[in-house]
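A quick write-up on the structure given underneath.
The values are calculated or read from the model by the stated rules, or taken from the named source; none is laboratory data. Predicted model only: the values in this text are computed from it and were never measured. Backbone-built Cβ (ideal geometry, glycine too); neighbour counts: all protein chains shown. For accessibility, only protein heavy atoms count, side chains too; no ligands or nucleic acids. Shrake-Rupley method; radii C 1.70, N 1.55, O 1.52, S 1.80 Å.
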Amino acid sequence: MRHIKPARRALTALLATTLLAGGVLLGQTATAEPAAAGTITCNIGKLRADAHKERARAAQLKRLGATAEARKALAHADALDRRARQCADADENSKPPLWK
């Protein structure tokens, strides 16, 4: 019975190593950037216009008494405004400084 114990330890270590290596490889493939990925561009004017339309739709829904739908429309308009602001900030921060 003594000869089984080292084999059990070796198999357990081998299994643990294999699982760790597989997890690392899986993690790297999940976080790796796809080959076809390009730069992301957004139209700030269109985002702001869509947010304005969504706010107008929310106001109309509120007048009609559909408050739940109006809240959803306002949340969507806020998300569009936030995205437009993020795009504008990214554009400003991506420019090289003037002193270089």
Accessible area (Å², 1.4 Å probe, nearest 10) - Leu64: 130 Å²
In nm, spacing of pseudo-spin labels at Trp99 and Thr18 (7 Å Cα→C-beta vector): 5.9 nm
Neighbourhood net charge (13 Å Cβ-Cβ; Lys/Arg +1, Asp/Glu -1) for Ile44: 0
Inter-site label distance for Arg63 and Asp78 at 7 Å from Cα along Cβ, in nm: 2.3 nm
